[in-house]
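Notes follow once the structure below has been shown.
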Amino acid sequence: MKAPIQRIYTVSSYDKIFEWCKLIAITGSAQVIIQSIGLLSGILVIHLLPTREYALYTLANTMLGTMLVLADGGISNSVLAQGGKVWYHREKLGSVLATGFNLRKKFAIASLLIAVPFLLYLLRHHNAGWLTSIFIIGALIPAFFTALSGNLLSVGPSLHQTITPLQKVQVGVSMGRLMMLLLTLFVFPWAYIAIISASIPQILGNIRLRKISSAYADWDQKPDPAIQKEILAIVKRILPGSIYYCLSGQITIWLISIFGTTATVAQIGALGRLSMMLGLFSAIFGALILPRFARLINNKELLFKRFIQIQLGLIVLFAFIVLLVSQFPAQLLWILGKNYSGLEKELILNVAGSCTSLFAGLLFTISTSRNWIINPLISIPLTLATIICGVLLINISSLAGILKLNLFVSSTEAIIYFVYCIVKINKVQ
């Protein structure tokens, strides 16, 4: 009897391997296209915008990321966790998403009221005129709302692992952005034109996402007070950390924006463009790994095994990326153009910091996908102490020093979230 059982097990293992290879091939090939187009779009913006305009573009994009974190406040992670419980039930999943969208609108307005005045100050601090500042902020608002909607609209298809239609939408949006940039920036090389050109294709993509999502979620459902209470219970624990992340997660940009020159802001923005390809791995993780981890049953051994497998894979991947960049820094900087040459050391530090920040971020999303929310009274003081120690130990008067600080802080955050996940898994009954 043992031989047939062993045979069945072997076939099942091969089937799983084949299925994963197929999913990774589909997702990976699409993401290679998406990230390549995104990188090409970013390089196009770098070359077509004057250094001053690109610095303003960098400030606006950084603030956009901050606004998205504030407006989300943990809602998307909580919706994913709640949706993971009812992903097979169209009406219940629709109710979860409707509740999430309702909360998102309220958080988005609050985010705008907080972030817009600060962005206006930074733009004026770097000598942007009043009219230019108003145009940049006006272009940022539609980009903000379309990005918020896109995240939640992808929850249903992601939980059902409907990968191909999602990838098609993302490829279409990326192609649309590139075409819009080509049509506009050659004639109008201004920061706000680059921002608005990137948001228009996302609007069309969201229309398509909603149609795809309607197969898995009933959009006629109303927000559910009980679900809202559960989501807010998670948000209350995530939001303080999200607010703090807005300050610490973009510490390099904030320090350079306040204490650095306009040219230095442009340099950090340009170096960040070369880290965009990390989005390939983040997207694959979000599409394939995270929803499956969120759906796992509460089995300590299974959760621990999958968690360690994920972490080992990420560590090997990020180490390889940093090693590869360290071998060809000059060649990579050539892509950015002569204005950004001679930043080999800064490029390596930036990529290492980006990899570590992404690693910490993925650990955080793994945690929240299971509704494991670290107490902000623990995480914030620890990270704040790390920043203070970093400022005392590292000379942050240069771009390289600020990038070292970012690497130091993100490494500490990764360790904190890794230990927290292990503790939560050990507590699973």
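What follows is calculated from the coordinates using simple rules that are stated; it is not laboratory data. Since the model is a prediction, treat every value here as computed from it, not as a measurement. With ideal geometry, Cβ positions are generated from the backbone for all residues, glycine too; neighbour counts draw on all protein chains shown.
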Kindly write out, for the stretch 219-226 in residue order, the coupling ³J(HN,Hα) from the Karplus curve 6.51 cos²θ - 1.76 cosθ + 1.60 (θ = phi - 60°), rounded to whole Hz, with x marking Gly and Pro.
6, 7, 5, 9, x, 9, x, 5
Run the reach check for LYS305 against lysines, Cα to Cα strictly under 20 Å, same-chain hits fewer than 8 apart removed. What comes back?
LYS16, LYS424, LYS427
If I model a spin label at ALA319 and TRP219 as a point 7 Å from the Cα along the Cα→Cβ vector, what separation in nanometres do I get?
4.6 nm
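When ranked by the protection proxy of mean other Cβ atoms within 10 Å per residue, highest first, what sequence do the peptides 166-178, 145-157, 380-392 form?
Ranking the peptides 166-178, 145-157, 380-392 by packing returns 145-157, 166-178, 380-392.
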Pop the C-beta distance of LYS229 and VAL116 into the FRET formula with R0 = 30 Å and round what comes out to the nearest 0.05.
0.50
Return a whole-number percent for the relative contact order of the stretch 92-206, with Cα pairs under 8 Å and 6 or more residues apart as the contact set.
32 percent
Under 19 Å from the Cα of LYS92 - lysines, other chains or at least 8 residues apart:
LYS211, LYS222, LYS229
Determine which lysines satisfy two conditions relative to LYS404: a Cα distance under 21 Å, and not lying fewer than 8 residues away in the same chain.
LYS345
Using the beta-carbon distance between LEU382 and LEU296 and R0 = 22 Å, what value does 1/(1 + (r/R0)^6) give for FRET efficiency, to the nearest 0.05?
0.20
Shape of the stretch 327-375, Cα gyration tensor, a/c cut at 1.5
prolate
Phi angles of the stretch 169-183, converted by Karplus (6.51 cos²θ - 1.76 cosθ + 1.60, θ = phi - 60°) into ³J(HN,Hα) in whole Hz with x for Gly and Pro, give 5, 5, 5, x, 5, 5, 4, x, 4, 4, 5, 5, 5, 4, 6
By how many nm would the segment from LYS106 to LYS168 grow when fully extended, if each residue of separation counts as 0.36 nm and the alpha-carbon distance is taken off?
19.3 nm
Give a residue-ordered list of calculated ³J(HN,Hα) values for the stretch 286-300 (Karplus: 6.51 cos²θ - 1.76 cosθ + 1.60, θ = phi - 60°; whole Hz; x for Gly, Pro).
x, 7, 10, 7, 4, x, 5, 5, 5, 8, 4, 6, 6, 10, 4
